[in-house]
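The values are calculated or read from the model by the stated rules, or taken from the named source; none is laboratory data. Treat the numbers as computed from the prediction; the structure is a model and nothing was measured. Note that each Cβ is placed from the backbone with ideal geometry, even for glycine, and that neighbours are counted across all protein chains shown.
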Amino acid sequence: MSRREWPIRSEVRPGNSSTVSAAVEVLEGRSAKRGISRVLPFLGPAFVASVAYIDPGNFATNIQGGAQFGYMLLWVIVASNLTAMLVQTLSAKLGIATGRNLPEMCRDQFPRPVVWGMWVINEVVAMATDLAEFVGAALGFYLLLQIPLLLAAVLTGIVTFVILALERHGFRPVEAVITGFVGVIAVSYVIETILDRPDWLEVGVNAVIPRFAGTESILLATGILGATVMPHVVFLHSALTQHRIVPKDDAQARRLFRFEVTDVIIAMGLAGAVNAAMLIMAASTFYAKGLAHIASIEEAHRTLAPLLGTTSSTVFAISLLASGLSSSTVGTMAGQVIMQGFLHRQIPIWLRRLVTMTPAIVVIGAGLDPTRTLVISQVMLSFGLPFALVPLVLFTSRRDLMGVLVNRWGTTILAATITAIILVLNIILLHRITTGG
């Protein structure tokens, strides 16, 4: 169904009512608020989505890039961040315009066998992603509290259960907690950046001038860019906007979308700054000291203390913990959206959390390498990307589905081109990992 009729329907729980009321007043022109207070009711969905761009997998990739090549690959992070802004904007717009999330649109538009196949693939991808994020959170507890990794995994499960339980009170409490975690990560890397004293001239130059230094730098750049867009959060963002605030007419839809673009720019801009700070920290600390071999999260944490002091290593562990807890929570939410959308069925979120944390506990209990687990998860993401990006571009370019929020032709061409580039880069990344090249 197209949303050109703009039916009035919204899910307003106790934790949501004040936010929805404030947003409606702004959309209807009845609000006297100005500045940030006017924008605040619309902020949240993109901050939840942004967690996927600063998850433990990003820690490993950015640290390796900075340690091996210094500031050189900063431009890749800038390009990746701009790509993330476009993709997440399209996902958010789909939810606003159609009242459907991306998996639901796939179920409505594609043949049943295709839908079932997409569901299976994306369930596997979501579980693999959640495994890595759960392991990352457990690693954060392990490094911070110096407790056995298996106990850290159990503690991670308990904390994520508590966070997910907030969802019964509406979207705002969960958004607030996740945004708080993003803030912790951001503040942590502000502290790291102050401690490692980077060369800001080099930072500025390498952020805007593309260059490489041999095959290895090209392959690592492929890893940074190709693994940036997470399929599960592309699905999730459309679900976060579909019922949050419902416009009554075309004018309100356009206004709501403009606020959502602001949400995306702020949230993804912050995530991009954090990713850049990770690479800057590795470049100014490890690369500058001739420690290009630093490639794992544990090595980075262990090496920071003698180089920058215990404060630096502690802050690093806190940021990793916040990243793992928030991204693991978001991964579980995305899994719910995937099952509900493709199959029109869902299971209790506590049961999904229990099921998806089991593989992670098995991996940790078996003593497998945590960083290697993060790398394997990137392979699974490569398999899932086409099933998120291609339908997203197709649907958002159709006027019969999107109405006044349909993509402009230039947006569709840009999105299709970026999608093709990302898919090619992920194929290269997949080949590199599987062949060891």
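Would you check if Glu175 is under 17 Å from Thr61 (Cβ atoms), among the acidic types (Asp, Glu) and out of contact with any Pro (no Cβ under 7 Å at 6 or more places or on another chain)? Spell out the reasoning first.
On the way: under 17 Å from Thr61 (Cβ atoms): no; among the acidic types (Asp, Glu): yes; out of contact with any Pro (no Cβ under 7 Å at 6 or more places or on another chain): yes.
The answer is no for Glu175.
Would it be correct to say that Ser328 is within 19 Å of Leu149 (Cα to Cα) and either more than 22 Å from the chain's Cα centre (by Cα) or part of a loop (DSSP other than H, G, I, E, B) (or both)?
Details: within 19 Å of Leu149 (Cα to Cα): yes; either more than 22 Å from the chain's Cα centre (by Cα) or part of a loop (DSSP other than H, G, I, E, B) (or both): no.
So Ser328 fails the test.
Which condition number does Leu220 fail, the rest of (1) in contact with a Gly (Cβ under 7 Å, 6 or more places away or on another chain); (2) aliphatic (A, V, I, L, M); (3) closer than 21 Å to Leu354 by Cα being met?
Failed condition: (3).
Kindly provide the set of residues from the stretch 206-226 that are loosely packed, with under 15 Cβ neighbours inside 10 Å and over 25 Å from the mean Cα position of the chain (by Cα), ordered by number.
Within the stretch 206-226, Ile209, Arg211, Ala213, Gly214, Thr215, Glu216 qualify.
Does any residue of the stretch 116-135 turn out to be out of contact with any Lys or Arg (no Cβ under 9 Å at 6 or more places or on another chain), surrounded by fewer than 18 Cβ atoms within 10 Å (Cβ to Cβ), aromatic (Phe, Trp, Tyr) and closer than 30 Å to Ile245 by Cβ?
no
Go through the stretch 19-44 and give me each residue that's of a type in the set (Lys, Arg) and within 18 Å of Ala251 (Cβ to Cβ). Spell out how you get there, then give the answer.
Filtering the stretch 19-44 for residues of a type in the set (Lys, Arg) gives 30, 33-34, 38.
Across the stretch 19-44, the qualifying residues are Arg30, Arg38.
The rows are residues; the columns are (1) of a type outside the set (Gly, Ala, Ser); (2) surrounded by 23 or more Cβ atoms within 10 Å (Cβ to Cβ); (3) assigned to a helix (DSSP H, G or I); (4) free of Cβ contacts under 8 Å to residues at least 12 places away in the same chain.
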{"residue": "Leu164", "(1), (2), (3), (4)": "yes, no, yes, no"}
{"residue": "Ala186", "(1), (2), (3), (4)": "no, no, yes, no"}
{"residue": "Thr193", "(1), (2), (3), (4)": "yes, no, yes, no"}
{"residue": "Gly204", "(1), (2), (3), (4)": "no, no, yes, yes"}
{"residue": "Val229", "(1), (2), (3), (4)": "yes, yes, no, no"}
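Looking at Leu392, Leu425 in this structure, which one is at pLDDT below 90 and either over 27 Å from Thr156 (Cα atoms) or out of contact with any helix residue (DSSP H, G or I) (no Cβ under 7 Å at 6 or more places or on another chain) (or both)?
Leu425
Assess whether Glu175 counts as being surrounded by 13 or more Cβ atoms within 10 Å (Cβ to Cβ) and over 28 Å from Ala300 (Cα atoms). Break it down into steps so the answer makes sense when it comes.
On the way: surrounded by 13 or more Cβ atoms within 10 Å (Cβ to Cβ): yes; over 28 Å from Ala300 (Cα atoms): yes.
Yes: the conditions hold for Glu175.
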